[in-house]
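Just so it is clear, none of the values below were taken in a lab; they were calculated from the coordinates. Being a predicted model, the structure only gives us computed values, none of them experimental. Here the Cβ positions follow ideal geometry from the backbone for every residue, glycine too, while neighbour counts run over all protein chains shown.
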Amino acid sequence: MTRTTPDSRLDRRFVDALYTDAMLLADEVRAYFDEAGREERESLDPFARVTFSCESLKVTTRLMHVIAWLMTQRAVEAGELTPRAAADPSRRLGDAPAHDADVAATLPPRAGRLIAASAALHRRAAAMDRTLAGDVPTAACGVHSLQRRLAASF
């Protein structure tokens, strides 16, 4: 179901798919940093342990920002929040903690993959947030462009 208000242009399927991805990643992150990651962290030198801990906090922060933003989008879909209220700066996605691929490469491989996955998830949500806010012209959105081209073909 696509929202029909002028302030929003996201298809519910995009929000639901990103929500599913976010929850699956959050579960994987929790399991890793609570269990296997502890053992891997302990095998690192002291400086790398601090780096590992900092990066795990960044991953958690990224995921919580994305999940909170997605819950806001779901509240709009459910009619519990207006699109205008959802566009308030306090409900926008906001910036993610910086991600350095070189630093992630020094950590255990699974930690590096989770760091990269959380950064990619945040980038996807940020693109949606910019679209909703009108920061990106609809024509620049590849999905909308493809939809228009398909509609014109039939």
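Residue-wise HN-Hα couplings along region 17-25, as the Karplus relation 6.51 cos²θ - 1.76 cosθ + 1.60 with θ = phi - 60° gives them from phi, are 5, 5, 4, 4, 4, 5, 5, 5, 5 Hz; Gly and Pro carry x. Rounded to the nearest 0.05, the FRET efficiency derived from the C-beta distance between Thr106 and Ala127 at R0 = 30 Å is 0.55. Taking amide H as placed 1.01 Å from N in the peptide plane, the amide H of Asp11 sits under 5 Å from none that are at least 5 places away or on another chain. In plain terms, if you count all Cα to Cα distances in region 7-66 and split them into 10 Å steps from zero, the share in each step is 21, 39, 23, 12, 5, 0 percent. The modelled label-to-label distance between Met71 and Ala31, using points 7 Å beyond Cα along the C-beta direction, is 2.3 nm. By definition, a body whose alpha carbon gyration tensor gives a ≥ b ≥ c is prolate when a/c is 1.5 or more and a/b is larger than b/c, and region 86-125 fits this prolate description. Coupling constants for region 36-45 follow from the phi torsions by the Karplus curve (6.51 cos²θ - 1.76 cosθ + 1.60, θ = phi - 60°), and in residue order they are 4, x, 4, 5, 5, 4, 5, 7, 8, 6 Hz; glycine and proline get x. Diffusion coefficient of region 1-126 by Stokes-Einstein, Kirkwood radius over Cα pairs, 4 °C, 1.567 mPa s: 83 µm²/s.
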